[in-house]
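The block underneath contains the structure these notes are about, expressed in structure tokens.
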Amino acid sequence: MTTGLGPAHVAKTVDTDALVDPIWVLWQALPQRWQGPRIAGLPEWEDLPGWAEEPVLRLGGLPEPFAAELAWMAHWQAHVDGARVAIQPINQLALAIRRAHAQHRPVATSMRAMTPQAAQRLLGWFYADRWGRLPSPGARARLRSLMQVARSALIAACHDGPWWELDDWVPRCDPRIPLGPREPRGQIRITPARLELPWLRAAVKWHLGTRLQAGTLRWSTIGQSRLLVRLDRWLRATFDDPTDVITRADEAGRFAAAFARWAADPAQRSDRPQDRRPRVAPRQVNADLRAVAELLEFMADNRREALEVFARLGVGVDPWPQLGDAHAAAWLRAQYRIPRQPDLNPNHYIDDHALAQITAAVPLLGLPRSQQMLIRRGDGSEVRAHGFGDPQAMRMILLQILTGRRVSEIRTCDFDCLTAAPAPGTTPGLKAADTTSEDTTSEGIEAPAAEVFRFRYAQSKIESAPDTILVDAEVASIIGEQQRWIRENLQVAQSRYLFAQRISNAHGDKPYPAGTYNRWLREFSALVKITDGAGRRVALNHTHRFRHTRLTRLAELGLPIKVLQRYAGHATPTMSMHYVAAREEHAEQAFLATAKLKADGTRVQLSAEDHDHLHLFARADRFLPHGWCMLPPLQTCDKGNACLTCSVFVTDDTHTEALRRQLSETTALIERSRSGFVQRHGRQMGEDNVWLRQRRAEQQALSRLLATLDETPAGGALQGGGCSIGPAGPVLLDIDLGRVRSKPETAPEAGRS
């Protein structure tokens, strides 16, 4: 039956039929210009690309309620979703439905009853019947988008029960789905329809929907494990009667162990071979077991309510009434015991070698596609590559590197996310306009006077954690560039997000798509072929590495753990320490920074007792102007200040200036003494002079020490100090006391340097 879609028809239907189809209520609420069988001349359709003539929706001659449904879907796209109206796929689908009815070909009774697969088959038949060919991939993709988004919104709008009763959950299409304040209504969908066992699908819907509504579960944490897709496949593939897993409570432990073994097989993890990994981590299997245990515990606690819920869903309540209270515990006991992993994982750290390649090539992401850039790959080769044409992705990865934030915290942060940090002595909480210079305007941060800013990121993982950090002018300039880019390229009054979706975002309320960012990084990583210092490939598909790297660097700078925890946005210091990589080279540098040199330029090993002696006894006479004395505290020294010839004297690069001054003074003293000797005795002082030999020994020791320290990087010492390693012990002085005593000569000066 066809309809002219007149208001009189709808009013009559609403007045006389108490069981009116909800689509007529929705259709009647549409503006008048959206209700006709021919919809054209709308202001929101002006300047639509790709149309040589006026765009028109032709919905006449369609059986009820197709025309009303398609009109509502088009209106929803334009005014609710902020997307372009899918004029071409709607008209093609309307043509296919009219042609199928004219030829008495079976068609679904409505758009809600027509599955996406049925719509694709109908489109293929229509193209073959009318033009003798198959539809193009573009035509199929446009129809698929219409069915997955606009049709889902139509189904949700016509549904009068709880939102979780639907087979597809899409927050973008159903505003009833509860989301956290930082969780955007993106296109991420959860599909309980993938569960083929009706009694399991109904239980999972009720369980997850109730927890989401109560706030004990978040939308972003519902994954395939909690959806129990693998449990559904295992039950159907293993049992003649899948309800045995619920009804036979005495064998719950055996069933749980069998499922754990099945889930540990990589071939069972996904229906698609390209998604399978060579190994399944025990943590992944444990996540599946915990998800089953959570469902069993929920159903055991709500047996009475299950009768009413399952009756409303039209599903038999069996086998849930036979579920035992201890059933869930048996599944929890089947979890694998995971050996304790080191808190510090160096594999998550990106070293300077790899980071330099990333930052050198990252402008390629923002370069227009028509331009090329010469990049150096990790293997040393050079290649010219076309730009990716996405400056948003370029700035996102730069902010991740500089701030260590999670990708979701950058991707979904607010547009106005930056304020100037109050200067010391000012009142905290001032607005940005009160603390920035005149150059800081509403158009973005152009030339900030402050050097420190407060960055508010999209903290969505831990409710009790802070959501701001202090950043420098470099981060502020990147945010300012992105704000200007949004204003110039996104034609909206005000964007909600700093990084926004470019198409189908007329309201500016959609963030940058996560899938697009991941795809660019995969292609960028494959092109640049980034390698670390050891020559190993570094893939950027896991940008969480930047967070580990940033926190590791801050920890190595000596930040207190509480400060590190505050910067990371963690609830406990223990979690922050999981992000710090135990770098072997940093441990060596920290050790060498405490290495001390003897007077002969060789390194001395300090034991724990040595450090205790220095610090616990706090002997002031052990801290010398140019080093330390390692003589045990209860012993005394009879050498005076002749430490450069003493075996227990050590020093390091913090005393370089004192050692240089002492070398200069010792050299000057030698020259003065030798000149005075010549004036008094009329001849040169011999090198075998006992006083001169002692001063020469000190001069040589100082020269060796300074040469070693000059070759040592600042802040530490290299092994061996850059000089040959000699035996430990005192500096040997070749003094022939018998021959010296036979001469009447004495030193002109008895002072020591």
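The values are calculated or read from the model by the stated rules, or taken from the named source; none is laboratory data. Please read these numbers as outputs of a predicted model, since none were measured by experiment. Neighbour counts run over all protein chains shown; Cβ positions are idealised from the backbone, glycine included.
Results for (1) in the same structural domain as V563 (by TED's automatic domain parsing); (2) closer than 26 Å to P171 by Cα; (3) without any contact (Cβ under 8 Å) to a residue 60 or more places away in the chain, shown as yes or no for each residue.
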| residue | (1), (2), (3) |
| --- | --- |
| A476 | yes, no, yes |
| G515 | yes, yes, yes |
| K529 | yes, no, no |
| T549 | yes, no, no |
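Of everything in region 690-732 that's under 25 Å from E657 (Cβ atoms) and polar (S, T, N, Q), which residue is modelled with the lowest pLDDT? Break it down into steps so the answer makes sense when it comes.
Pass one, region 690-732, residues under 25 Å from E657 (Cβ atoms): 694-723, 731.
After this cut, where a residue has to be polar (S, T, N, Q) as well, the list is 694, 699-700, 703, 708, 712, 719.
On the way: Q694: 81, Q699: 86, Q700: 86, S703: 86, T708: 82, T712: 67, Q719: 30.
It comes out as Q719.
Please determine whether any residue of region 344-353 is in contact with a Gly (Cβ under 8 Å, 6 or more places away or on another chain) and surrounded by 13 or more Cβ atoms within 10 Å (Cβ to Cβ). Step through it out loud before you land on a result.
We begin by selecting, within region 344-353, every residue in contact with a Gly (Cβ under 8 Å, 6 or more places away or on another chain); these are 351-353.
Add one more test, that the residue is surrounded by 13 or more Cβ atoms within 10 Å (Cβ to Cβ), and what stays is 351, 353.
Yes, region 344-353 contains at least one residue that is in contact with a Gly (Cβ under 8 Å, 6 or more places away or on another chain) and surrounded by 13 or more Cβ atoms within 10 Å (Cβ to Cβ).
Considering only region 165-192, state which residues are of a type in the set (S, T, N, Q) and under 23 Å from I503 (Cα atoms).
Selection gives Q187 alone.
Scan region 506-524 residue by residue and report those that are part of a helix (DSSP H, G or I) and surrounded by fewer than 17 Cβ atoms within 10 Å (Cβ to Cβ).
A514, G515, T516, N518, R519, R522, E523
Of these, Q357, Q392, Q400, Q335, which one is assigned to a helix (DSSP H, G or I), farther than 26 Å from Q501 by Cα and among the polar types (S, T, N, Q)? Walk me through how you get there before you give the answer.
Values: Q392 fails: farther than 26 Å from Q501 by Cα; Q400 fails: farther than 26 Å from Q501 by Cα; Q335 fails: assigned to a helix (DSSP H, G or I).
Going through Q357, Q392, Q400, Q335 in turn, the sole match is Q357.
Every residue in region 525-566 that is buried (at least 17 other Cβ atoms within 10 Å of the Cβ) and among the hydrophobic types (A, V, I, L, M, F, W, C), please.
V528, I530, V538, L540, F546, L551, L554, A555, L564
Considering region 164-192 alone, what residues qualify as being outside any loop (DSSP other than H, G, I, E, B) and out of contact with any Gly (no Cβ under 7 Å at 6 or more places or on another chain)?
Within region 164-192, E165, W169, I190, P192 meet the criteria.
Based on this model, can you work out whether R693 counts as touching a residue at least 12 places away in the same chain (Cβ under 8 Å) and within 22 Å of F649 (Cα to Cα)?
yes
Return only the number of the condition from (1) farther than 30 Å from A256 by Cα; (2) in contact with a Pro (Cβ under 9 Å, 6 or more places away or on another chain); (3) surrounded by 15 or more Cβ atoms within 10 Å (Cβ to Cβ); (4) at pLDDT 75 or above that Q335 does not satisfy.
Q335 satisfies every listed condition except (1).
State which residue is surrounded by the fewest Cβ atoms within 10 Å (Cβ to Cβ) when the search covers only region 362-382 and only residues that are in contact with a strand residue (DSSP E or B) (Cβ under 9 Å, 6 or more places away or on another chain) and either touching a residue at least 60 places away in the same chain (Cβ under 8 Å) or not assigned by TED's automatic domain parsing to the domain that holds Y512 (or both).
D379
Would you kindly identify the helices (runs of 4 or more DSSP H) lying entirely within region 227-287 that contain at least 3 residues that are closer than 18 Å to R201 by Cβ and in contact (Cβ under 8 Å) with a residue 12 or more places away in the chain?
In region 227-287, the matching helices (runs of 4 or more DSSP H) lie at 229-238.
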